[in-house]
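Working notes for the structure below.
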Amino acid sequence: MSIRRAMILAAGRGSRMRHLSLERPKPLTEVAGRTLIDRILDHLKKSDIKIVTINIHYLSEMLEVHLASRQDMNLRLIKEQDLLETGGGVVNALPFLGSDPFFCINSDALWHDGPVQTTLDRLQNTWNQIDADVLLLLRNVPHKGDFFMAADGRLQRPHADQSAPLQYAGVQIINPAALMPAADWPPSGAWSLNQLYNRAIERGRLFGLVHDGSWWHVGTPEDLADATRDLMALL
């Protein structure tokens, strides 16, 4: 199947960006001359995904004004009066996402595609070959990662005394059926998508795909400077 909808999680405050987030929301941070959220929308458009739901909260008016210029996309903005975190934000947006699997992307996810396919196309092709609740884009890290991955792509959490080699990279595909109401599920209010991942692990339905291109974390002004330098070298 072809995935045609996406959600961008853009409601956070970005407090670790310090002075840079005092006057603008983190998704409007510019990296190599283009905002983080526009770079994500550009990736989505490149993979022919133009129906996008975006949750907003901090300095939301600035995001509303900026995103109004994206006439090439069908954008639905959901303003959260109280922060719902990642899991609560997705559940709140489900009425606009439909019943088919969708991309869900952190607004500070910054990546460069690998040499053969776009990252989103690689994720979609992998999704069509598995039976999953969630498929996560991962990156290799030297230590303190989030997951181990089996040969078939299924993921497991490390034990407290283990060092895992793979870290979540902020891009995923979610099957909305995994968020349908059941006994004590999903949680109400604000909650993290990590609870969905743990539930999917128990069901053998959390999978991963290792990114084959460049990826940057933009969490601090220092990270921003590094990402700008590296991305400029690739453009």
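The values are calculated or read from the model by the stated rules, or taken from the named source; none is laboratory data. Owing to the predicted nature of the structure, the values given are computational and were not obtained by experimental measurement. Neighbour counts run over all protein chains shown; Cβ positions are idealised from the backbone, glycine included. The accessibility values were calculated without ligands, DNA or RNA, using every heavy atom of the protein model including side chains. Shrake-Rupley method; radii C 1.70, N 1.55, O 1.52, S 1.80 Å.
Things worth noting here:
- Inter-site label distance for Ala32 and Lys46 at 7 Å from Cα along Cβ, in nm: 1.0
- A Gaussian network model of the chain, with springs between Cα atoms under 10 Å, assigns the largest mean-square fluctuation among Leu179, Leu206, Leu137 to Leu179.
- The value of relative contact order for segment 112-235, using C-alpha pairs under 8 Å at least six residues apart, is 35 percent.
- Percent RCO, i.e. relative contact order, over segment 25-98, from Cα pairs under 8 Å lying at least 6 residues apart: 30
- Enclosed volume per residue, in Å³, of the convex hull spanned by Cα atoms of segment 67-204: 155
- When you work out D = kT/(6 pi eta Rh) for segment 191-232 at 25 °C and 0.890 mPa s, using the Kirkwood radius from C-alpha pairs as Rh and the Stokes-Einstein form, the result is 188 µm²/s.
- What you get for segment 83-219, charging only the Cβ of Lys and Arg (+1) and of Asp and Glu (-1), is a dipole of about 160 debye around the Cα centre.
- Beta bridges assigned by DSSP with both partners in the chain are antiparallel in approximately 50 percent of cases.
- Considering only Ala183, Ala200, Ala225, the mean-square fluctuation computed in a Gaussian network model of the chain, springs between alpha carbons under 10 angstrom, is largest for Ala183.
- Probe 1.4 Å, protein heavy atoms only - accessible area per residue of the chain in square angstrom: 47
- Kirkwood's formula applied to the C-alpha pairs of the chain gives a hydrodynamic radius of 18.2 angstrom.
- GNM on the chain, alpha-carbon springs under 10 angstrom: the most fluctuating residue among Asp108, Asp152, Asp121 is Asp152.
- Inter-label distance for Met73 and Asn125, nm, one decimal - labels placed 7 Å from Cα along Cα-to-Cβ: 2.4
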